[in-house]
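Here the structure comes first, spelled out in structure tokens, and everything after it is commentary.
The values are calculated or read from the model by the stated rules, or taken from the named source; none is laboratory data. Since this is a predicted model, take the numbers as computed values, not measurements. Quick reminder, even Gly has a Cβ in these numbers, built from the backbone with ideal geometry, and neighbours come from all protein chains shown. What goes into the accessible areas is simple: the full protein's heavy atoms, side chains included, and nothing from ligands, DNA or RNA. Shrake-Rupley method; radii C 1.70, N 1.55, O 1.52, S 1.80 Å.
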Amino acid sequence: PALFDAIGARRLAVCADLDLRFDAAECAGIAQSLRLETIDAPTLAALTGGHAGALVIACELLRAAPTPARQAALAAQLHAHLLERLVARLTAAQRDLLLATCVLPRISVGLATGLAQRDVGLDLDAAADRGLLIRHAVDGGVIYEMHGLVRAGLRAIAAHTLGADGHAALAQRACALLAAEGLIEDAFDTAVDFTLGAAAGDLLPALAEHHARRQQPQSLLRAIERAPAAEVARRPMVWLLAGHA
């Protein structure tokens, strides 16, 4: 991991007499192999300088990781590294907004405003224009979604910036806002993703009723399997609703 950081931060450019950077010709070759319509090889070389070797080493680290926990830690390091230069170019307001909303599976203006505690409509559109968010038109409104890599990187950066307790508190607020909006499935998924066992348990009865009304027993059983067993055991009504479904 230290070697990966050194290469990615451009403190190390040569290893075993091998230049770890891609030069313009190599970048042009890669762009041609990907059939890109426009190729600006010098710009690509400047953008990726130092990263090629770091990514190779990161892949080797992941492949050789002895445990899933170690793989997850390395993946978080990689995602944060890939995104940190882009995040550094954002304004403080844009950065704070993305770090606050990275806990959400889908982002609406109302949810983002609740988490950021300010009007964020224009900032969401600006982030979408920069390619950090995907914009979807739904029922006369707009919903935003983060690219998977962007979400993973921002969550890694948020965990480092806010600390474990701060990150968990942010996810807890997101669960409450999602539940208040009636987005029970998203709220439950967020609680499970951030290991908020009590919150997941509190949401489970409403989620069970939601799936029972729609006669979705498999969806409900999957939710029960994902919830902490102790929280399920304290709520026997969930099994009754599963039988009803």
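Please specify each residue of region 212-223 satisfying the condition of being surrounded by fewer than 23 Cβ atoms within 10 Å (Cβ to Cβ) and not basic (Lys, Arg). Full working, then the answer.
Keep residues of region 212-223 that are surrounded by fewer than 23 Cβ atoms within 10 Å (Cβ to Cβ), which gives 212-219, 221-222.
Hits for region 212-223 are Ala212, Gln215, Gln216, Pro217, Gln218, Ser219, Leu221.
Quick test for you: out of Ala159, Ala176, pick the one residue that is under 30 Å from Leu220 (Cβ atoms) and assigned to a helix (DSSP H, G or I). Steps first, please.
Values: Ala159 fails: under 30 Å from Leu220 (Cβ atoms).
Result of the check over Ala159, Ala176: Ala176.
Would you pick out the residues in region 120-131 that are in contact with a helix residue (DSSP H, G or I) (Cβ under 6 Å, 6 or more places away or on another chain) and either open to solvent by 10 Å² or more (accessible area, probe 1.4 Å) or of a type in the set (Lys, Arg) (or both)?
Hits for region 120-131 are Gly121, Asp123.
Any chance you could count how many residues in region 178-205 are more than 20 Å from Ala229 (Cβ to Cβ), among the acidic types (Asp, Glu) and open to solvent by 20 Å² or more (accessible area, probe 1.4 Å)?
Result for region 178-205: 2.
What's the number of the condition Ala230 fails, among (1) closer than 23 Å to Ile107 by Cβ; (2) in a helix (DSSP H, G or I); (3) out of contact with any Pro (no Cβ under 8 Å at 6 or more places or on another chain); (4) at pLDDT 90 or above?
All conditions pass for Ala230, except number (1).
Please indicate, with yes or no, whether at least one residue in region 80-103 is open to solvent by less than 50 Å² (accessible area, probe 1.4 Å), free of Cβ contacts under 8 Å to residues at least 24 places away in the same chain and farther than 30 Å from Ala169 by Cα.
No - not one qualifying residue is present in region 80-103.
Among the helices (runs of 4 or more DSSP H) confined wholly to region 54-131, which include 2 or more residues that are among the polar types (S, T, N, Q)?
Values: elements: 68-88, 92-101, 109-116, 121-129.
Output list reads 68-88, 92-101.
Select, from Arg70, Arg118, the only residue that is more than 14 Å from the chain's Cα centre (by Cα) and farther than 22 Å from Val192 by Cα.
Working: Arg70 fails: farther than 22 Å from Val192 by Cα.
None of the others qualify; the one that does is Arg118.
How many residues are among the hydrophobic types (A, V, I, L, M, F, W, C) and open to solvent by 50 Å² or more (accessible area, probe 1.4 Å) if we restrict to region 144-168?
Residues of region 144-168 that are among the hydrophobic types (A, V, I, L, M, F, W, C), as a first pass: 146, 149-150, 152, 154, 156-159, 162, 164, 168.
After this cut, where a residue has to be open to solvent by 50 Å² or more (accessible area, probe 1.4 Å) as well, the list is 149, 162, 164.
Matching residues across region 144-168 total 3.
May I ask you to list pairs of residues, at least six apart or on different chains, whose Cβ atoms are under 9 Å apart, with the first in region 16-39 being in contact (Cβ under 8 Å) with a residue 60 or more places away in the chain and the second being not in a strand (DSSP E or B)?
Between residues of region 16-39 that are in contact (Cβ under 8 Å) with a residue 60 or more places away in the chain and residues that are not in a strand (DSSP E or B), there is no close pair.
Can you tell me how many residues in region 156-201 are closer than 20 Å to Leu132 by Cα and in contact with a His (Cβ under 8 Å, 6 or more places away or on another chain)?
So the answer is 3.
Residue check, Gln117 against (1) open to solvent by less than 40 Å² (accessible area, probe 1.4 Å); (2) free of Cβ contacts under 8 Å to residues at least 12 places away in the same chain, all met but one. Which one?
Condition (1) is where Gln117 drops out.
Go through region 223-233 and give me each residue that's farther than 26 Å from Ala159 by Cβ and in contact (Cβ under 8 Å) with a residue 12 or more places away in the chain.
Ile224, Val232
Which residue, of Leu203, Leu241, Leu220, is in a helix (DSSP H, G or I), farther than 27 Å from Leu74 by Cα, touching a Phe, Trp or Tyr at 6+ places or on another chain (Cβ under 8 Å) and without any contact (Cβ under 8 Å) to a residue 60 or more places away in the chain? Working first, answer last.
Working: Leu241 fails: touching a Phe, Trp or Tyr at 6+ places or on another chain (Cβ under 8 Å); Leu220 fails: touching a Phe, Trp or Tyr at 6+ places or on another chain (Cβ under 8 Å).
The conditions single out Leu203.
Suppose we keep only residues that are farther than 10 Å from Pro205 by Cα and of a type in the set (A, V, I, L, M, F, W, C) within region 225-241. Which one would you say is most open to solvent (accessible area, probe 1.4 Å)? Reasoning before the result, please.
Within region 225-241, the subset farther than 10 Å from Pro205 by Cα is 225-231, 233-234, 240.
If we keep only those that are of a type in the set (A, V, I, L, M, F, W, C) as well, we get 227, 229-230, 233, 240.
Working: Ala227: 8, Ala229: 81, Ala230: 60, Ala233: 78, Leu240: 114 Å².
Looking at residues that are farther than 10 Å from Pro205 by Cα and of a type in the set (A, V, I, L, M, F, W, C), I get Leu240.
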